[in-house]
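These notes are about the structure you will find just below.
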Amino acid sequence: MSGPAPVLLALPGGVVVTVDGPIVLGRAPFGAADGRPGVRAIAVPSPRAEVSAVHLELRPTSDGVEALDLGSTNGTLLVREGRPVGELEPGRAQAWPRGVELDLGDAVRLRLLAPGDRA
């Protein structure tokens, strides 16, 4: 019997990564992963510095992915079909459903893909 299908994360620029462990994202998130085995740090572009240096953590769950705003300055919006539908509460992990994008600011939008989806 196999486990759940891998969850894929679409990043700006068409980059796709597998969410198979915790991921910290931000302008310069590299120190946030120090001393935390298995945590990946991924930098995203933010020319106007709207994305915090350490903005968001993603964690795989048995049902998909949970997202945790790490106290970012500008917050993390939940967007469905191009329209904001909510905001992550800083410091509280929340389930991140497919079909909802996370908007970190500076045109940095993240979305989940199912295997076979295109970025």
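Read-outs throughout are calculated quantities, based only on the coordinates presented, and are distinct from any laboratory measurement. Given the structure is predicted, the values throughout are model-derived calculations rather than measurements. Virtual Cβ from ideal backbone geometry, glycine too; neighbours counted across all protein chains shown.
Summary table
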item	result
Solution diffusion estimate, µm²/s, Stokes-Einstein, the chain, Kirkwood Rh from C-alpha pairs, 25 °C, viscosity 0.890 mPa s	171
Likely footprinting exposure, Val16, Val100, Val7, fewest C-beta neighbours within 10 Å first	Val16, Val100, Val7
Check: the chain dipole with +1 on Lys, Arg Cβ and -1 on Asp, Glu Cβ, in debye	180
Relative contact order (%) - criterion: Cα under 8 Å, at least six apart; region: the chain	27
Loop-located trypsin sites (Lys or Arg not before Pro) in segment 74-119, at most 16 other Cβ atoms within 10 Å (DSSP)	Arg92, Arg98, Arg118
